[in-house]
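The values are calculated or read from the model by the stated rules, or taken from the named source; none is laboratory data. This is a predicted model, so every value here is computed, not measured. Positions of Cβ are backbone-derived with ideal geometry, glycine not excepted, and every protein chain shown enters the neighbour counts. When the accessible area is computed, the model is the full protein with side chains, heavy atoms only, and any ligands, DNA or RNA have been set aside. Shrake-Rupley method; radii C 1.70, N 1.55, O 1.52, S 1.80 Å.
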Amino acid sequence: MRRIVSIAGLTAALVLGTFGLCTGQNSHVANAQEKMPSIEVKIDNFSFGPATLTVPVGSTVTWTNRDDIPHTVVSTDDPKTFKSKVLDTDEKFSFTFSKAGTYPYFCSIHPKMTGKVVVQ
Amino acid sequence: MHPFDIRTILFAKHAQHVVLIHFPIALFIIGVFFDFLGQWKRQQLLAVAAYYNLCVAAIATLPVVVTGIVAWQWELEGQKLKGILLMHLVMGCVSSVLICLVWFIHMRTRREQEDLPGYRLPIEAAAVVIVALTGHLGGFLSGVNG
């Protein structure tokens, strides 16, 4: 009887421990997500808005094409840090900036469309 | 950036396409206009003017097609096109073929010293419409018609 109680107690402890660990991890992930929100850049009327964006390291920037015309998002450096495919209306492209620095970019279909992400 | 700087001109990549496209469009449309006018007024001189315009238009399509494909390959890395870009590519190719076909009909007729065939007129009219639509799509893509 004592053995059964011991096994039951151990199992309960294991279950509770595992549950606690999972809950802890979730809250950790949630905290990380709270710290690093996804930031949106809107592409509309042949311009990036905002044209200059300042974000903390580790942020994910999402570009959304709200224009009627296809656009791309391409960094100006070589080799390219990021390069999207052609984005049709309402299509999105995301990139996570893991290093500090200034990342100028442009639309390769309309090179006069330029923007900049400053990662601090 | 200087407009007469050779590096700017040569390395403008797909900007060349946007500049060069105006030549075949203008030459072809005016060539067809002269041909229709020559047919209506029965003036040989207008037919000759039409021929030379169509001739230069056909030659001018070559760099336009090349720079268009280069723009696709360089700027978009040859990725699969869809939507307006695909429509512009397909209609651009059809336009180029039609411009060359119209020129070929005129060239062969002159070489054989025959009268220009009547069937060329609907082909020319259809070609003008397709060229205009392709140009409109190109203008839309570049933001001029947007």
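Applying 1/(1 + (r/R0)^6) with R0 = 51 Å to the Cβ-Cβ distance of A:LYS116 and B:GLU112 gives a FRET efficiency near 0.25. Rounded to the nearest 500, the helix-only mean residue ellipticity at 222 nm of chain B stands at -27000 deg cm²/dmol, with each DSSP H run of n ≥ 4 adding -39,500 (n - 2.57).
Taking amide H as placed 1.01 Å from N in the peptide plane, the amide H of A:ILE109 sits under 5 Å from that of A:THR72, each at least 5 places away or on another chain.
Ranking of A:ILE69, B:ILE69, B:ILE130 by solvent-accessible surface, largest first: B:ILE69, B:ILE130, A:ILE69 (1.4 Å probe, protein heavy atoms only, all chains present). For chain B, the relative contact order works out to 25 percent when only alpha carbon pairs closer than 8 Å and six or more residues apart are counted.
Taking every residue in A:55-68 and counting other chain Cβ atoms within 10 Å of its Cβ, the average works out to 0.
Accessible surface ranking for B:GLU75, B:GLU112, A:GLU91, 1.4 angstrom probe, highest first: B:GLU112, A:GLU91, B:GLU75. Measuring between their Cα centroids, segment A:53-119 and segment B:66-121 lie 34 Å from each other.
Starting from a Cα-only point model with no solvent, please compute log10 I(q)/I(0) by Debye for segment B:73-146 at q = 0.19, 0.24 1/Å. One equal scatterer on each Cα of segment B:73-146 leads to -0.81, -1.05. Between the amide H of A:TYR103 and those of A:VAL117, A:VAL118, A:VAL119, distances stay under 5 Å, these residues lying 5 or more places away or on another chain, with hydrogens modeled in the peptide plane.
Counting every pair of alpha carbons in chain B, the share spaced more than 28 Å apart comes to 27 percent. For segment A:37-119, the spread of Cα positions along the three principal axes, ordered from largest to smallest, is 32, 27, 19 Å. B:CYS100 sits with roughly 50 Å² accessible to a 1.4 Å probe, with DNA, RNA and ligands left out of the calculation.
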